[in-house]
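Notes for the one structure printed next.
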Amino acid sequence: MVELTRRATFSASHYYWNDAWSVEENERIFGRCANRNGHGHNYTLEVTLAGEPDPTTGFVVDLKWLKDVIEREVLSAFDHRHLNLEVPEFKNTIPTTENIAIASWRRLAPALAPARGAQLRRVRVYETPEIFAEFRGEA
Amino acid sequence: MKAYFGRRYVLSASHRLHSDSLSAEENREAYGKCNNPHGHGHNYVVEVLTRGPVDPNTGMVIDLSEFDEVVRTTILERFDHTNLNLDPIFANQVPTTENLCRVVFGLLQNAMIPGRLETVRVEETENNFFQCWGSEVEG
C-alpha cells in the first residue's frame, strides 16, 4: 500500500459567526474572525489517497487526473470566493478549517470513487503554514 | 463528526548529545559533532495534532486560544531559549530529538483533555523530523 498526496492552493475569504448567539458572544468566542466584513487566507489543500501501484503504469492514481478532480470539485467552488456567501455548504455551517476539510472530503469522495482501488485516506487543509485541520472520513 | 486540528510552533534550544554510559571515545563515535562539549542549537518546529468531534456551535475541534495556552505554558516557556541538557527531564536521557518528541508528547498529554492528543512531530532541521503518538509513549 502506498499513499499519494497532491497539493493544491486556493484563496478565499470568510468570517466566523453563529446566528444563534448574540453579537457579544460571537465576538467573545471568535475574536477577530467574527468581523462580518470578512478576511481571507491562502489555503493549501492536501488530498491523500492510498492504494497499490498499478503493475503497468506504476501509478497509484494518475496525478493529472487527480489534479483535474481537485480543480473541478473543490477549487472551482472555493477559489477566489467568499466561503460564507458563495459556497452552499457554508450557508448554515461555519467555514472553519475543520469544516472546509470536511466539505472538501465530501466533494472529492464521490468523484474519486473511480480511482481503481485507491481509497481517499485524508484531506488536510492549511489555513496558514502553521494552522491546519484534517478529516479522515470518520463519523 | 471527528476531525483533527494541528498547529506548528517554533522553539529554539541548545543541546549536546552525550551519554554518561559511554566512554569519551564511544560518545564521539556515536554522536560525532553533536558531542561537542559546548553544545549547539536548533530552531525546532513542534507540530501538535489534536483530535475530537467538531463542535456544531463553533465548527471547531478545539479552542485555539486554549490550545495555544497549553502549548505555551507546558512546552514553549519550559524549553524555548534553554539548554535542553540542563532540564531535569533530560537528567537521565540524552536530549536527542527522538527523546524530545516523546517528552513533548508526554507533557502535552498530561496537560490536555484525555484522548485529544493525536501526534507530536518535532522537526530538528528542515531535513529530519520525528513523530510519536500515544501507543509509542505509553509503551
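The values are calculated or read from the model by the stated rules, or taken from the named source; none is laboratory data. Quick caveat: nothing in here was measured; it's all calculated off a predicted structure. Please note: Cβ atoms are built from the backbone with ideal geometry, for glycine as well, and neighbour counts cover all protein chains shown.
Any residue at all in segment A:97-108 that is within 11 Å of chain B (Cβ to nearest Cβ), within 22 Å of B:Pro56 (Cβ to Cβ) and not in a helix (DSSP H, G or I)? Within segment A:97-108 (the criterion being within 11 Å of chain B (Cβ to nearest Cβ), within 22 Å of B:Pro56 (Cβ to Cβ) and not in a helix (DSSP H, G or I)), the answer is no, since none of the residues qualifies. When segment A:87-133 is filtered for residues that are small (Gly, Ala, Ser), crowded, with 21+ Cβ neighbours inside 10 Å, at pLDDT 95 or above and touching a strand residue (DSSP E or B) at 6+ places or on another chain (Cβ under 8 Å), the ones remaining, listed by number, are A:Ala101, A:Ser104, A:Ala133. Figure legend. Inter-residue proximity from segment A:122-133: first residues at the interface with chain B (Cβ under 7 Å from one of its Cβ atoms), second residues part of a strand (DSSP E or B) and β-branched (Val, Ile, Thr), beta-carbon distance below 6 Å, spacing 6+ or different chains. Indicated pairs: A:Ala133/A:Val125. Of the residues making up segment B:88-119, just one is surrounded by fewer than 18 Cβ atoms within 10 Å (Cβ to Cβ), assigned to a loop (DSSP other than H, G, I, E, B) and touching a helix residue (DSSP H, G or I) at 6+ places or on another chain (Cβ under 7 Å), namely B:Gln93. In the set (1) more than 11 Å from chain B (Cβ to nearest Cβ); (2) within 17 Å of the chain's Cα centre (by Cα); (3) touching a residue at least 12 places away in the same chain (Cβ under 8 Å); (4) under 29 Å from B:Phe67 (Cα atoms), the condition left unmet by A:Lys91 is number (3). All conditions in (1) over 30 Å from A:Ala139 (Cα atoms); (2) in contact with an Asp or Glu (Cβ under 8 Å, 6 or more places away or on another chain) hold for B:Arg72, with the sole exception of (2).
Residue-by-condition table, conditions (1) in a strand (DSSP E or B); (2) of a type outside the set (A, V, I, L, M, F, W, C); (3) over 14 Å from A:Pro95 (Cβ atoms); (4) within 18 Å of the chain's Cα centre (by Cα):
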position: A:Arg7; (1), (2), (3), (4): yes, yes, yes, yes
position: A:Trp21; (1), (2), (3), (4): no, no, yes, no
position: A:Tyr43; (1), (2), (3), (4): yes, yes, no, yes
position: A:Asp54; (1), (2), (3), (4): no, yes, yes, no
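Taken over segment A:8-26, the criterion of being free of Cβ contacts under 8 Å to residues at least 24 places away in the same chain and either surrounded by 17 or more Cβ atoms within 10 Å (Cβ to Cβ) or charged (D, E, K, R) (or both) is satisfied by A:Asp19, A:Glu24, A:Glu25, A:Asn26.
When B:Leu17, B:Leu11 are screened for being in contact (Cβ under 8 Å) with a residue 60 or more places away in the chain and in contact with a Pro (Cβ under 8 Å, 6 or more places away or on another chain), only B:Leu17 passes. When the residues of segment B:56-85 are filtered to those that are part of a loop (DSSP other than H, G, I, E, B) and not hydroxyl-bearing (Ser, Thr, Tyr), the one that is nearest to the other protein chains (Cβ to nearest Cβ) is B:Gly59.
A quick yes/no check of all residues on (1) surrounded by fewer than 16 Cβ atoms within 10 Å (Cβ to Cβ); (2) in a loop (DSSP other than H, G, I, E, B); (3) not charged (D, E, K, R):
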site: B:Ala30; (1), (2), (3): yes, no, yes
site: B:Lys33; (1), (2), (3): yes, no, no
site: B:His38; (1), (2), (3): yes, yes, yes
site: B:Gly41; (1), (2), (3): yes, no, yes
site: B:Glu47; (1), (2), (3): no, no, no
site: B:Gly52; (1), (2), (3): no, no, yes
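Here A:Leu75 clears all of (1) touching a helix residue (DSSP H, G or I) at 6+ places or on another chain (Cβ under 9 Å); (2) over 27 Å from A:Ala20 (Cβ atoms); (3) of a type in the set (A, V, I, L, M, F, W, C) except the condition numbered (1). The condition (being over 14 Å from B:Phe130 (Cβ atoms) and at the interface with chain A (Cβ under 10 Å from one of its Cβ atoms)) is satisfied by just one residue among B:Pro88, B:Pro53: B:Pro53.
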